[in-house]
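Below you'll find the structure, written out as structure tokens, and then a few comments.
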């Protein structure tokens, strides 16, 4: 049950041109910084990236966009990124926008063996184009399908070599559902602990979903919108 | 945000003849003992009970069956109960058997605003009768619908008056998904704690799903199959 | 859990004429709709300001769809936590008794109607409750974020916006011209000029901003407007 | 995580003739199928015994569908925990590094094919992989529990059962006569007489129980049986 790998490079080993990746995080919070760096270094390209956001120009998935490694983004919101905008407007980058809740549920469904489900989100909008509509209790819903990924790149707080992981604060966000949905799920943690150190009652994602795990280095954890109030 | 009630009796206040209840627990593990006692005392009848199992003759939902309070059981497995068997064979009791995973997912769906989803479980069996079949990736699936309940009766380990709750061991089982699916979710806990005592990172079910909470009394926690090994 | 009274934001006052409400007053009026015990999701912009005006004696808990219940005010300077942000990606704090969860659980709450009120901004609202707030054809499209899930699910949706756009054109329309975010979902609109309910027959005028006349509201409303009896001024 | 080698159960020896495998030997043979790093769900009865025979050097983790990963042996007398049971409602322990989760998460694992092997008992198996193990018409029906989810989902399903029923009739059939639990899902059958794979053309005989002849297996198998070349005896 030992899923420990030595480095981010070993974590993403096997990622090939044209593959589909899921990347956890909301904005820059809880993103797999080490895996992203390793992907940039690897030069792999034509990737389809499923991630709620697309980073900023010089951090997160933005770094991969700078290197033109991304062919398609599947996201709910992609603001705050000039290079992204440029590539999208020139048609270099394909973008599939998905309601945030549907994105989360479609990842969970992928991991949970639910191929499709009905949701009210997006009915009557362009998101519903080409999708089946059905009424339940008089309310219209659309059929959404599961999302899968060749690799899911996940950032957790702590984890053990069996792949059990826990998250901290809102850095949790999409990481757990993506951990469930990857054919190969790679987890980078801030702190690697011994099996048994994590209370089994409070493990967020059991090791069964995880194929590789390593302790990430030098987390920057950049803050996108630093908002404060003065001390009273 | 104060959801505290004084007793199980106050917890189940408003449960009326003919209503649909969800009751957490797997076998006798993690069942809402206090709420069940209060239901027996209340004399309410013609209930539809959604619960993975139906208790034993003299404990759990078995106590409600003894009083003929249950009109219909929706469960995955109903063994170990003579009175149940008698009522079922005489036709006094209606029984709807559902695959365990579909039961869990249908409860979650009810709480999560997903009216229906596809699952492979039960395809080609009598569970699939009358249900839509659809192929995804060449594999047949059936459409299952969300379950809802007028009241969800949930047993947790600890909780606070805001309704935040945590579970212990395999007493968790169906309790979280049923907590999500009740129009009125009533939680009985072994130990009531002050808001803030539960680590926000490790709350299993946030208070938003809970309408009433109280500290239960005198938990028996009966063991159905006491299996041990001798000390070496 | 207690009222979030100390959120400080850099406020841009509305450039409308003085009689109309500014952004803070719109938020303040919406805050009057809050009921004790409600869970509330506030969108970016004016809706965020609602947290500053929770009425005395009312306890509400704020849900942030990135996975946070019991959102508190901004942190004191130097106490920002990169692992604790809201859906607007701003650093925040948590109230006592709050909780953290993943994105699928967050939208389970929203879709399952466990959150009693959603307040959000809009570019256009139609008199049947349709809302458009995510896309302007020909302009850079950033995405709908959680807005489509929120409007499709919430029982109670209040839109906070200015009554007209910068060109003076009505944003309360017979029919939305922009791509929709959701259909027949908005229940109430609070603008810098008026409070209006969405009814089967159109916008029903409930209250006027102090000093604004029914005629002015009528002139600024392109959708069907129902005016019955005396329309009182808002009270703050 | 380490091998669960000390599970002690009160064992009812098979009442078949001596040459055939007893329940423990069936379990022992199935244990040879385990691969290092697999997550495994064991059903009630013979499958539970598989945990006693994990080969040296192989680490597997047991999943119990009531919400437990890393299930350990039964507790020492006096150390039973009412809050820690397996899907058979027996008191159990947890291995180091195990985890607890709710029922929906448990079946997410199963349905999502994160559990590599399911071992379960059956009343009948057809030569196309159909399985019946939950209902006998006219008899009290207790329910399918998690069996339908398990057989519909797992990539790798091994059935552990006796080759014939108490009346001596074959349980390996051309077509199941009892209500199905799942269709075309069983991959392998290990009985007290033989090890067989399910192939597009029927049961393919792989191994014989020591001393049992191909003719005896053929006579006890109602479904299509493929016998190619020499059929070796099982090794323990």
* To do: For the range C:130-236, please list each of the strands (runs of 3 or more DSSP E) lying entirely inside it that holds at least 3 residues being free of Cβ contacts under 8 Å to residues at least 40 places away in the same chain and at negative phi.
  => C:194-199, C:202-208
* Residue under evaluation residue A:53, criteria (1) out of contact with any helix residue (DSSP H, G or I) (no Cβ under 7 Å at 6 or more places or on another chain); (2) within 29 Å of residue C:106 (Cα to Cα); (3) not in a loop (DSSP other than H, G, I, E, B), criterion not met -> (3)
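Do we have residue C:42 as farther than 21 Å from residue C:153 by Cβ, within 18 Å of the chain's Cα centre (by Cα) and more than 12 Å from chain B (Cβ to nearest Cβ) here?
Criteria not met by residue C:42.
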* Right, residue A:127: touching a strand residue (DSSP E or B) at 6+ places or on another chain (Cβ under 6 Å) and within 29 Å of residue B:139 (Cβ to Cβ) or not? -> no
* Asked: What are the residues in the range A:147-187 that are in a loop (DSSP other than H, G, I, E, B) and touching a residue at least 40 places away in the same chain (Cβ under 8 Å), if any?
  -> A:147, A:148, A:160, A:161, A:162, A:163, A:164, A:167, A:172, A:173, A:174
* Asked: When you look at residue C:154, is it more than 7 Å from every other protein chain (Cβ to nearest Cβ), under 16 Å from the mean Cα position of the chain (by Cα) and within 26 Å of residue A:88 (Cα to Cα), yes or no?
  -> no
* To do: Would you check which residues across the range C:54-76 are at the interface with chain A (Cβ under 8 Å from one of its Cβ atoms) and either over 19 Å from the mean Cα position of the chain (by Cα) or assigned to a loop (DSSP other than H, G, I, E, B) (or both) and list them?
  => C:65, C:66, C:67, C:73, C:74, C:75, C:76
* **Subset of the range B:214-230 (residues that are within 7 Å of another protein chain (Cβ to nearest Cβ) and on the phi > 0 side of the Ramachandran plot)** => B:221
* **Evaluation of residue A:13 against (1) in contact (Cβ under 8 Å) with a residue 40 or more places away in the chain; (2) within 30 Å of residue D:69 (Cα to Cα); (3) assigned to a loop (DSSP other than H, G, I, E, B) (one fails), failing number** => (1)
* Restricting to the range C:190-211, what's the tally of residues that are within 25 Å of residue A:119 (Cα to Cα) and under 14 Å from the mean Cα position of the chain (by Cα)? -> 0
* Taking the range D:77-119 only, how many residues are part of a loop (DSSP other than H, G, I, E, B) and facing chain A (nearest Cβ under 9 Å)? -> 5
* Asked: Is one or more of the residues making up the range D:153-165 farther than 17 Å from residue D:46 by Cα, surrounded by fewer than 21 Cβ atoms within 10 Å (Cβ to Cβ), out of contact with any strand residue (DSSP E or B) (no Cβ under 7 Å at 6 or more places or on another chain) and at pLDDT below 95?
  -> yes
* Do we have any residue at all in the range A:188-198 that's touching a residue at least 40 places away in the same chain (Cβ under 8 Å), more than 12 Å from chain D (Cβ to nearest Cβ) and under 19 Å from the mean Cα position of the chain (by Cα)? -> yes
* Of (1) assigned to a helix (DSSP H, G or I); (2) within 22 Å of residue A:114 (Cβ to Cβ), residue B:201 satisfies all except one. Which? -> (2)
* To do: For the range B:153-168, state whether one or more residues are surrounded by fewer than 23 Cβ atoms within 10 Å (Cβ to Cβ) and away from chain C (no Cβ under 14 Å).
  => yes
* Asked: Which of the following residues is in contact with a strand residue (DSSP E or B) (Cβ under 9 Å, 6 or more places away or on another chain), modelled with pLDDT of 55 or more and assigned to a helix (DSSP H, G or I): D:40, D:50?
  -> D:50
* **residue A:226, sole failed condition from (1) closer than 30 Å to residue A:63 by Cβ; (2) under 21 Å from the mean Cα position of the chain (by Cα)** => (2)
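The values are calculated or read from the model by the stated rules, or taken from the named source; none is laboratory data. Please read all numbers here as calculations on a predicted model, not as lab measurements. In this analysis, Cβ positions are derived from the backbone assuming ideal geometry, glycine residues included, and neighbour counts consider all displayed protein chains.
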